[in-house]
Structure formats: structure tokens, C-alpha cells
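First the structure, in the form of C-alpha cells, and then the observations on it.
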Amino acid sequence: MILALAGGVGGARLAQGLAAVLPPDRLVIVVNTGDDFEHLGFPICPDIDTVCYTLAGINDASQGWGLAGESWAFMDAIARLGGDGWFNLGDRDLATHSVRRMMLESHSLSQVTAHIAGRLGIAHPIAPMSDDPVRSIVDTDEGELAFQHYFVRRRAEPRFRSIRFEGADRARPSPALLAALDDPGLEAIILCPSNPVLSIAPILALPGIRARLEARTVPIVAVSPFIGGRAIKGPAAKIMDELGIPATPAGLASWYGGLLDGLVIDRADADDVVEGLRLHITDTLMRDGDDRRRLAAETLDFARSLR
């Protein structure tokens, strides 16, 4: 069994590749919820929805998030009425948030996520990192900003100083995350090519999780989100630079602080020196489904070679 930790567009794409090469009983995908927030009265779970829409094959492929063929009549009406329209909610996407809001009155986020994924035809387990609220708060040169205000409203333009995960010290890891870590059949843990600061760090901040991973008996492999010092999607390279950490394999390894057994990197970074860490060098750009399946299969083979 494989445990994949994911968030964002890159994480969703590799998760889709893993789901294409592994049966549902061999893969658990645990998703960051530090990006979650409430907007216009709806509980929004951006990373969970991106992973679900991608695995269901209904995401907007050009931008990586949201639904393909979406319409925006609701947001147009909000703008006409002078409402808060800085975060777009598509008309069909609203159904997801509405069902989530209603179900959360009597169900956990794990149960709601499983229901939504099942209704979208996804057979593989997708679970939040926690059923308890954890909120990423970014300290910037403009002061502290709730994550979506930094990421969407301000387009990640303020200088990134640090991040804290409000509520993480009290949050319980989700049942699916704990069960996967306890599963005697666990073969490897894959850190998807998600933003290491924004998407993976919140999962590691949950009580006991980093310690569990550091005491691992299975290999932990990360797929780098960087190619030639740049991120394919999002502000990961900018954030690393502002933290004084190079957006390179060596920089990524230093950020994870000895947590990794192996790192999958792109050919563009083949000359980077990473001391004490096994590397797999390949083409990491996922242009289509074939690339996602190939990268997933190579990552799994690499992880298994480290056992």
C-alpha cells in the first residue's frame, strides 16, 4: 500500500498518475487542508476539490483547478450586488461547496470528502489530513495574512517571511492518515510535487506526524516541484527564494531536513549535488495523462528500490 501526501495542482496530477497505476486498495491520498476557509457562507477546500476534480477527469486542464466548462453567473451576480468577489466560485463548483456545507452539520470532513469523491466516480480513497480545522497564516511584509488572502487576493505578491498553521497543535490526524501509517502493508510514502511550504508542511505540522515519519520503517520519496529553479505552477520558487532556500533539489532536501530517503528530480537539475540522498533523474513535467502515469510508475519503482 502507498500513502501519497498531496496538495495543489502538481500534487493532484501525480495523484492521478498513481491512481492510474495502483488499484484502489493499494493507494491512499491524504490532502492538505491548511488552505481551507469559509467564503460567502461556504466551506471551501481548494486542495481537496482540486484532487477530486483531477482524479474524476472533470478539472479545467488549462488552469489545473476548478471544473472544465465552468460558468460564472453566480459571481457576476455577486459583483452586481457589491458582494465580496475576489475568490471565484464557479456555478457548478458551488454544488460541491453547498453539499459540503450541509453534510458537515452531521458528518466529518473525511466522511464528506469520501461521499463527494464517490459521487464523482473516484474509487481510490481521498482523505483530508485532519477533520479538525487547520488554517495557514502567512507572515509577510504587509503583516499576517490568511492564506487565501495572501495567495488569491494578493496573488502571492507580498514578501513571504514565515508561515504558521493555526489549530495544528490541537488537530487530530484524520483516521485515514493514521490507518495508512499503521498499515502493515505500507510500502512507501510519496510526497507529491506540491508546494513544500504551503501544501506539505501543514500535514507534517499535525501532532505526531513528523515524528512518525522520522521513525519510519518504509522509504519516503519526494517528487520535486521545481525544474531548473522554477516551479511549474504557483509561487513555490518565489517563497523558497524569500525564505533564503534555493529552489533546487539540494534546497528542497534541506527544507525537509533529513526526512527523505529519495528524491525524484528533473533532468534539468541533474547536476545539482544532494549529499546523502538517493536521486532518480527523469522528466518530471506532467503534460498529459501518459506523463502522469509514467512519472508515477517511475516514482514507485524508485521508492521500492530503497527498501
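Here are a few things to note about the model shown:
- Among the candidates G83, G121, G143, residue that is at pLDDT below 95 and not hydroxyl-bearing (S, T, Y): G83
- The residue of region 125-164 that is nearest to V197 (Cα to Cα), among those that are crowded, with 21+ Cβ neighbours inside 10 Å and touching a Gly at 6+ places or on another chain (Cβ under 7 Å), is S136.
- Of all residues in region 292-307, exactly one satisfies the criterion of being free of Cβ contacts under 8 Å to residues at least 60 places away in the same chain and under 17 Å from P225 (Cα atoms), namely E298.
- Flag if I78 is out of contact with any strand residue (DSSP E or B) (no Cβ under 6 Å at 6 or more places or on another chain) and either surrounded by 20 or more Cβ atoms within 10 Å (Cβ to Cβ) or more than 25 Å from A168 (Cβ to Cβ) (or both): yes
- Verdict on D131 being more than 30 Å from G244 (Cβ to Cβ), modelled with pLDDT of 95 or more and charged (D, E, K, R): yes
- Evaluation of S136 against the conditions (1) under 22 Å from F151 (Cα atoms); (2) assigned to a helix (DSSP H, G or I) shows that the sole unmet condition is (2).
- Exactly one residue out of G41, G17 is surrounded by fewer than 22 Cβ atoms within 10 Å (Cβ to Cβ), more than 18 Å from S130 (Cα to Cα) and small (G, A, S): that is G41.
- Flag for L206 being assigned to a loop (DSSP other than H, G, I, E, B) and in contact with a Ser or Thr (Cβ under 9 Å, 6 or more places away or on another chain): yes
- Taking the criterion of being more than 20 Å from A231 (Cβ to Cβ) and among the basic types (K, R), the only residue of region 255-291 that qualifies is R278.
- For beta carbons closer than 6 Å, sequence separation of 6+ or different chains, a first residue in region 263-286 that is within 11 Å of V223 (Cβ to Cβ) and a second that is among the β-branched types (V, I, T) and outside any helix (DSSP H, G or I), the qualifying pairs are V264/V223; I265/I281; D266/I227; D266/T284; H280/V264.
- Among the residues making up region 69-109, those that are within 28 Å of D131 (Cα to Cα) and of a type in the set (G, A, S) are G85, G90, A95, S98, S106, S108.
- Failed condition for A205, given (1) more than 23 Å from I2 (Cβ to Cβ); (2) touching a strand residue (DSSP E or B) at 6+ places or on another chain (Cβ under 7 Å); (3) small (G, A, S): (1)
- Condition broken by I227, with the remaining ones in (1) in contact with a strand residue (DSSP E or B) (Cβ under 8 Å, 6 or more places away or on another chain); (2) under 16 Å from N32 (Cβ atoms) satisfied: (2)
- Taking region 90-127 as the range and being over 17 Å from A180 (Cβ atoms), assigned to a helix (DSSP H, G or I) and in contact (Cβ under 8 Å) with a residue 60 or more places away in the chain as the test, the residues that pass are R101, I116.
- Index of the failed condition, M75 passing every other in (1) touching a residue at least 24 places away in the same chain (Cβ under 8 Å); (2) out of contact with any Pro (no Cβ under 6 Å at 6 or more places or on another chain): (1)
- Residue within region 261-271 that is closer than 28 Å to R135 by Cβ and not polar (S, T, N, Q) present: no
- Output for region 188-211, where each listed residue is farther than 21 Å from D47 by Cβ and surrounded by fewer than 16 Cβ atoms within 10 Å (Cβ to Cβ): G208, A211
The values are calculated or read from the model by the stated rules, or taken from the named source; none is laboratory data. On a predicted model such as this, the values are computed, not experimentally measured, just so you know. So basically every Cβ, Gly included, is an ideal-geometry build from the backbone, and we count neighbours across all protein chains shown.
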